[in-house]
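Take a look at the structure set out below.
The values are calculated or read from the model by the stated rules, or taken from the named source; none is laboratory data. The structure displayed is predicted, hence computed values, not measured ones. Heads up, the Cβs are rebuilt from the backbone with ideal geometry, glycines too, and the neighbour counts pull from every protein chain shown. Surface areas here come from the heavy atoms of the whole protein model, side chains and all, with no ligands, DNA or RNA. Shrake-Rupley method; radii C 1.70, N 1.55, O 1.52, S 1.80 Å.
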Amino acid sequence: MLSTEVKRELQAVVGPDDVRDDTETRLAYSYDATPMYQAMPDGVVFPESTEEVQAIMKIASRYRIPIVGRGSGSNLSAGTVPVEGGLVMVMTKMNRLIEIDQENLTATFQPGLITKQLHEAVERIGLFYPPDPGSMHVSTLGGNIAECAGGLRGLKYGTTKDYVIGLEAVLPSGDILRTGGKLTKDVAGYDLTKLLVGSEGTLAIITEATVKLLPLPEDRRVMVAHFSDLYAAARTVSQIIAERIIPCTLEFLDQGTIRVIEDYAKIGLPADMAAILLIEQDGPTSVVERDIERIAEICRQAKAAHVQVAQSREEEAQLMSARRSALSALARLRPTTILEDATVPRAAIAPMVEQINRIKEKYGLQICTFGHAGDGNLHPTCMTDARDREEIERVEKAFEEIFDAAIRLGGTITGEHGVGLAKAPFLEWKVGKSGIEVMKGIKKAFDPDGLLNPGKMFAKETRRRVVIM
Amino acid sequence: MKPVKEKPTDQVAWEQVAEYLRKTLDQDELTHCMRCGFCLPACPTYRETGLEQASPRGRIALMKAVADGIIEPDTAFADQMNLCLGCRACETACPAGVQYGRVLEQARAGIALREPSSRIVRGLRKLFFEHLFPHQHRLRMLGWGLALYRRSGLRWLVRRSGLMRLFPEHLREMEAVMPSASFKGVRERLGGILRPEGAPRGRVGLFRGCIMDVLFTETNCNTARLLVKAGYEVVIPDKQRCCGALHAHAGEEEAAKRLARDNIVAFRDAKVDWIVSNAGGCGAMLVEYVHHFQGDVLMEEDARWFSERVRDISQLVADGIDDLPLKRLEHRVTYQDSCHLRNGMRVTEPRDILRRMPGMTYVELFESDRCCGSAGIYNLTHPEMSKQILDEKMIHVKNTQADILVTSNPGCLLQMKWGIRRAGLEHRMRAVHLADLLMEAVE
Ligand SMILES: Cc1cc2nc3c(=O)[nH]c(=O)nc-3n(C[C@H](O)[C@H](O)[C@H](O)COP(=O)(O)OP(=O)(O)OC[C@H]3O[C@@H](n4cnc5c(N)ncnc54)[C@H](O)[C@@H]3O)c2cc1C
Ligand code: SF4
Ligand code: SF4
């Protein structure tokens, strides 16, 4: 609960309805989409303008109250769980699409705008905002920016950081920081825009953003290829790219995932296949036709057991439904679903999947793997039960080994979900001691009192690297 | 889950509610929610309030916190559970298949031990649930009273005298769109058994519903006539009662089960192939009877028999629509889903039917899958939220430029009539039940 003075001061800023510290509200903002993490904030506040954010920050700084920014709470790294209490600042009321600038091809909006709504607005006028996290129906753009969200189109179009070109953010002092603008080129000093993208609410609260837009691709087509050999599937991914074709989507499902989807959705997937690749290309019709044909040919040469190019939008939807039902099918299997985010260079996909399979056998767990094969971003997903402490311990050990394996293969502990609380103990594995020191220095420059999202990104203790075999 | 027998009544302390909830809430179902938030955009109360606790994910978290003993249930908890429309749009959106409707009913059963908070709600519930819905003859008496009130000029007198001003605004507005109730129900008008016309397709038991048969007798008659035209033999068992949906949604589980048992017996005795309902809210309850008797050795088998046979009128008509003698009706029609028909029974046929009716131009209503705010007696218990949701809906209805707005549930139909009136669209369009529209087209 908030002290009476703090509450009164906050109420003076945002009005009585937009500050809450009753039990129901505090509980409702004690979690996000990350399994097994929960902590109660002292209060929740809903600003409606940059000025209100500034005033809230000043009050919080004066009373040394931690501030946790929050969009829709769909992140998978416990990034919004208020582990040190304080105020959760919910940005969803600041959800205006301020401008679509058709001359400069940019869009400017407030952080609470839902990702999907931006997509719809720009696509209506023939423009395109590529970052498309699987959660885009619910996630906010502020959350996307703070996590540097990726998505299915990452391979060809990159991720959120490749589109954000200007930001307005409020520092804990209440001062406003403006970075970038509508410029495509800008080398004046350090790139603070890029620094804030992926900063997970630990440096400043983003209050406005400008992103660049592309023309909407003219056409797109979908195809699927089944492989009885994991290595053949992985080689195919590299082969496609070696042939200088960059598909917009190149998704991978392993055998475990295929079986679970088939059991649940009965859409005629082959349960004996080692892997399925789902491929989509977009662009001018002639290019799309040519690329899809060549990809199909590469798959056939790689001895794919079955290659199918969708001939209609319905058939496309059918093929894509395998990928879309993946999460549903897995989530229905057991009470708790832990979706992880280990990423490797794309050439290392097959060894990585084999490592995951070895580790899951070792710990006797049910782990299925699917993900964005084109950019090496895998989502090993564990079906478990949070109430079974003994099993959860095994899950934790298994994931430690998975992250370790990823790093050994030249990869990273998270490709798009962020460090937050869940991955904090592993960050040093990836960035090293000096990396952590530089990052802590940056954090101090923005947030000297450590009020913004405390406990995230930097763990009190780093997990020791496990020694495999 | 262990059955909890002793159901405390009257003024129960919140601690007892907590204890009851800890024993009865389905922990597995609650744990199954992976908190992805995919249900948030589907939820009308989340959209109106912007508050996580008014979202499905938030409500599940609250229930789980009570079940885990992290928080104690209190009035604020109860208010949040009651603010939910029970429209179950969240279930359709959920990738993990969380059965939200079931845990909500469990939570409400716990809360109901302590009686709902406001006196109006308490009074309304008692009146409807205990004294009216379960008793067909009383409803009919009420209907008769209402009819008399209309016909006798009493209504004029009441309105003129300003007596209506004693009621809240929304009740006054609702009164204006209430259809005239009738003293005779479908069985009294058409008889207990109707012979089919043409090649026989099977024997259908008509579920007449309680309010449906008093306020919408004509729709019930049309439903029976349609089935006869489509080749079904129609039986209307006399011993059937209210479906119990409103009781179950309000947490009155025992009462709901008593009604369910009577209905199962009545239709089993009638030896029907199908049980047809023309009200989405009732239909969804009827298909779920089987869940209510899970583990009950005496009733489980009969309940399954019953639930498996339940069909919405649109499902039975869709099969034979090409054989129905339909004349051309040149109208622009749109359709508002009944939440329970769509999310509970997963029925998709009404749109197909409207598209296939000769002469009709079908226009899809933007967000037709979103609850209209009627939700049982929600529009009486939560008039403000209900009105907010309704007014938003009417903007989209207006945009369709349709002259007929079709629904498949009496509650939604009344709400739509109220909405049309509120939006000042009475001269441009009307709201009708699908069965009535079909009968208009039958030659
Ligand atoms: C089923 C599912 C699928 C997903 N698929 C993908 C995917 O394909 N790709 C992907 O990258 N992610 C994915 N995610 C993860 C998640 O959706 C993204 O991380 C998303 O960007 C979070 O957005 P949000 O609005 O929910 O942010 P939140 O979860 O509320 O917050 C995320 C972080 O951003 C900070 N934050 C939020 N708003 C602000 C602000 N205005 N200023 C400063 N900091 C802020 C928070 O403090 C927190 O650290 C998925 C999640 C789920 C549950
Ligand atoms: S969509 Fe389902 S799993 Fe996700 S938060 Fe909602 S209820 Fe939970
Ligand atoms: S039933 Fe309807 S109102 Fe209730 S939580 Fe689900 S979507 Fe929201």
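Take every Cα-Cα distance within the stretch B:266-411, group them into 5 Å bins from 0 onward, and report for each bin the whole-number percent of pairs it holds.
Calculated over all Cα pairs of the stretch B:266-411, the distribution is 2, 9, 15, 17, 17, 15, 11, 8, 5, 2, 0 percent.
Reachable lysines from B:Lys257, Cα under 18 Å, same-chain residues fewer than 8 places away excluded?
Qualifying lysines at Cα under 18 Å: B:Lys2, B:Lys5, B:Lys7, B:Lys126, B:Lys239.
Hey, can you grab everything whose amide H is under 5 Å from the amide H of A:Thr336? Only 5+ residues off in sequence or another chain; H modelled, so Pro and N-termini drop out.
Under 5 Å from the amide H of A:Thr336: A:Thr384, A:Asp385, A:Ala386.
Using every Cα-Cα pair within the stretch A:40-111, state what percent have a distance larger than 15 Å.
Pairs farther apart than 15 Å: 60 percent.
So what is the accessible area of the protein assembly as shown per residue, in Å², with the probe set to 1.4 Å?
41 Å²
Based on alpha-carbon atoms only, what is the radius of gyration of chain A relative to the globular estimate 2.2 N^0.38 Å?
Taking the Cα Rg and dividing by 2.2 N^0.38 Å, one obtains 0.99.
Around B:Ala431, which amide H atoms from residues at least 5 apart in sequence, or from another chain, sit under 5 Å from its own amide H, with H modelled in the peptide plane?
B:Leu405
Among the lysines, select those whose C-alpha is under 19 Å from the C-alpha of B:Lys417, and discard any that sit fewer than 8 residues away in the same chain.
B:Lys387, B:Lys393, B:Lys398
Return the ratio Rg/(2.2 N^0.38 Å) for the stretch A:331-469, where Rg is computed over Cα atoms only.
The reported ratio for this selection is 1.10.
Could you compute how much accessible surface A:Arg465 exposes when probed at 1.4 Å, giving the result in Å² to the nearest 10?
Surface accessible to solvent at A:Arg465 totals approximately 100 Å².
I'm a student and want to see the number: the projected area of the Cα convex hull of the stretch A:108-175, averaged over all directions, in nm².
Across all orientations, the stretch A:108-175 yields a mean hull projection of 5.0 nm².
Please compute the volume of the convex hull spanned by the alpha-carbon atoms of the stretch B:203-305 and report it per residue in Å³.
Residue-normalised Cα hull volume stands at 89 Å³.
Would you list which lysines come within 18 Å of B:Lys327, measuring only between C-alpha atoms, while excluding same-chain residues fewer than 8 positions from it?
Candidates past the 8-residue exclusion: B:Lys229.
Listed highest first by mean packing, meaning other Cβ atoms within 10 Å per residue, what order do A:415-422, B:56-63, B:378-385 come in?
Going by the mean number of other Cβ atoms within 10 Å, highest first, we get B:56-63, A:415-422, B:378-385.
Over both sides of the A-B contact, add up the buried accessible area with a 1.4 Å probe and give it to the nearest 100 Å².
Approximately 2400 Å² gets buried when A meets B.
Which three extents, in whole angstrom, do the alpha-carbon atoms of the stretch B:316-384 cover along their principal axes, largest first?
Its Cα atoms span 43, 24, 18 Å along the three principal axes.
Pop out a list of residues from the stretch A:22-55 that are at least 50 Å² less accessible with all the protein chains around than in their chain alone; 1.4 Å probe, no ligands or nucleic acids counted.
A:Glu24, A:Leu27, A:Tyr31
Test of the criteria: in the stretch A:117-220, which trypsin sites (Lys or Arg not before Pro) are in a DSSP loop and have at most 13 other Cβ atoms within 10 angstrom of their Cβ?
Within the stretch A:117-220, the qualifying trypsin sites (Lys or Arg not before Pro) (loop, at most 13 other Cβ atoms within 10 Å) are A:Lys185.
Which distance in Å, rounded to a whole number, links the C-alpha centroids of the stretch A:394-424 and the stretch B:34-78?
Each part reduced to its Cα centre gives a spacing of 31 Å.
Per the Kirkwood treatment, what hydrodynamic radius in Å, one decimal, follows for the stretch A:1-92 from the mean inverse distance over all distinct Cα pairs?
For the stretch A:1-92, inverting the mean 1/r across all distinct Cα pairs yields 13.0 Å.
For A:Tyr264, what accessible area in Å² do you get when you roll a 1.4 Å probe over the heavy atoms of the protein chains, rounding to the nearest 10?
Rounded to the nearest 10, the figure is 90 Å².
Carbon and sulfur together cover what percent of the accessible area of the protein assembly as shown at a 1.4 Å probe radius?
51 percent
Translational D (Stokes-Einstein, µm²/s) of the stretch B:45-110 at 10 °C and 1.306 mPa s when Rh comes from the Kirkwood sum over C-alpha pairs?
After rounding, the answer is 132 µm²/s.
Can you pick out the pairs among A:Lys360/A:Lys423; A:Lys7/A:Lys116; A:Lys93/B:Lys23; A:Lys116/A:Lys430 whose Cα atoms lie more than 28 Å from each other?
Going by Cα-Cα distance, A:Lys7/A:Lys116; A:Lys93/B:Lys23; A:Lys116/A:Lys430 fall outside the 28 Å limit.
What ranking of A:Arg394, B:Arg332, A:Arg323 comes out by heavy-atom accessible area, probe 1.4 Å, highest first?
Ranking A:Arg394, B:Arg332, A:Arg323 by accessible area, largest first, yields B:Arg332, A:Arg394, A:Arg323.
Give the dimensionless ratio obtained when the Cα radius of gyration of the stretch A:161-289 is divided by 2.2 N^0.38 Å.
So the Cα radius of gyration is 1.54 times the expected 2.2 N^0.38 Å.
Where nothing but the Cβ of Lys and Arg (+1) and of Asp and Glu (-1) is charged, how large is the charge dipole of the protein assembly as shown around its Cα centre, in debye to the nearest 20?
The dipole magnitude comes to about 1880 debye.
Protein chains only, probe 1.4 Å: how do A:Tyr63, A:Tyr190 rank by accessible area, largest first?
Ranking A:Tyr63, A:Tyr190 by accessible area, largest first, yields A:Tyr190, A:Tyr63.
Pairwise over distinct Cα atoms, reciprocal of the mean inverse distance: report the Kirkwood radius of the protein assembly as shown in Å, one decimal place.
Answer for the protein assembly as shown: a Kirkwood hydrodynamic radius of 30.1 Å.
Averaging over all projection directions, find the projected area of the Cα convex hull of the stretch A:250-388 and quote it in nm² with one decimal place.
The orientation-averaged projected area of the Cα hull of the stretch A:250-388 comes to 9.0 nm².
Could you work out how far the C-alpha centroid of the stretch A:103-182 sits from that of the stretch B:313-357, in angstrom?
Each part reduced to its Cα centre gives a spacing of 42 Å.
By what distance, in whole Å, do the Cα atoms of the stretch A:19-156 stretch along each of the three principal axes, largest value first?
On the principal axes, the stretch A:19-156 reaches 46, 34, 22 Å in Cα extent.
Tell me, what are the semi-axes, in whole angstrom and largest first, of the equivalent ellipsoid of the stretch A:100-231 as set by the roots of 5 times the Cα gyration tensor eigenvalues?
For the stretch A:100-231, the semi-axes come out at 28, 18, 14 Å.
Just how far, in whole angstrom, is the stretch A:333-369 from the stretch A:197-252 if you go by their alpha carbon centroids?
20 Å
If only Cα atoms are counted, what is the Rg of the stretch B:360-443, and what is its Dmax, in Å?
For the stretch B:360-443, the Cα radius of gyration and maximum Cα-Cα distance read 12.7, 43 Å.
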